[in-house]
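Read the figures in this text as sums done on the coordinates, not as results from a lab. Just so it is clear, the model here is predicted, and its values are computed rather than measured. Here Cβ is always computed from backbone atoms with ideal geometry, including for glycine, and neighbour counts include all displayed protein chains.
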């Protein structure tokens with residue numbers, strides 16, 4: 001009886017370890033990468049929001065970013081967490 005309990009606990013620990021390696025570590029890595037991207041935002045960067053709006057950053061204030069977008073140069077205030085990616089200019 002104690003041996004089967006030990007085996008059961010061993011399997012449980014093994015599967016929890018596998019879940020940690022497959023789910024939690026990659027998520028931590030993505031979170032760290034996203035946080036570094038948000039901290040490195042600068043005026044002049046071209047960005048895309050999670051809503052699909054793309055434009056150029058013209059102002060950064062605390063946790064808000066002002067993005068200028070479109071031909072008519074519309075200005076939109078978005079939260080920093082809403083920035084999905086920074087568009088890198090194509091090198092020629």
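Structure values in brief
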item: CD proxy at 222 nm, helix term only [per DSSP H run n ≥ 4: -39500 (n - 2.57); per residue of the chain; nearest 500]; result: -12000 deg cm²/dmol
item: Approximate spin-label separation residue 4-residue 80, in nm, with each point projected 7 Å along Cα-to-Cβ; result: 5.6
item: Simple label model, 7 Å out from Cα along Cβ direction - residue 21 to residue 58, nm; result: 5.1
item: Förster radius 22 Å - calculated FRET efficiency between residue 31 and residue 66, Cβ distance, rounded to 0.05; result: 0.30
item: Rg/Rh for the stretch 42-92, where both radii come from Cα atoms and Rh is the Kirkwood radius; result: 0.96
item: Nearest-ten-degree value, helix 25-39 long axis tilted from longest Cα axis of the chain; result: 20
item: Cα pair distances exceeding 15 angstrom across the chain, given as percent; result: 68
item: Ranking of 80, 75 by count of other Cβ atoms within 10 Å, fewest first; result: 75, 80
item: Fewest-first sequence of 64, 72 by Cβ atoms within 10 Å of each Cβ; result: 72, 64
item: Relative contact order of the chain, defined on C-alpha pairs under 8 angstrom at six or more residues apart (%); result: 21
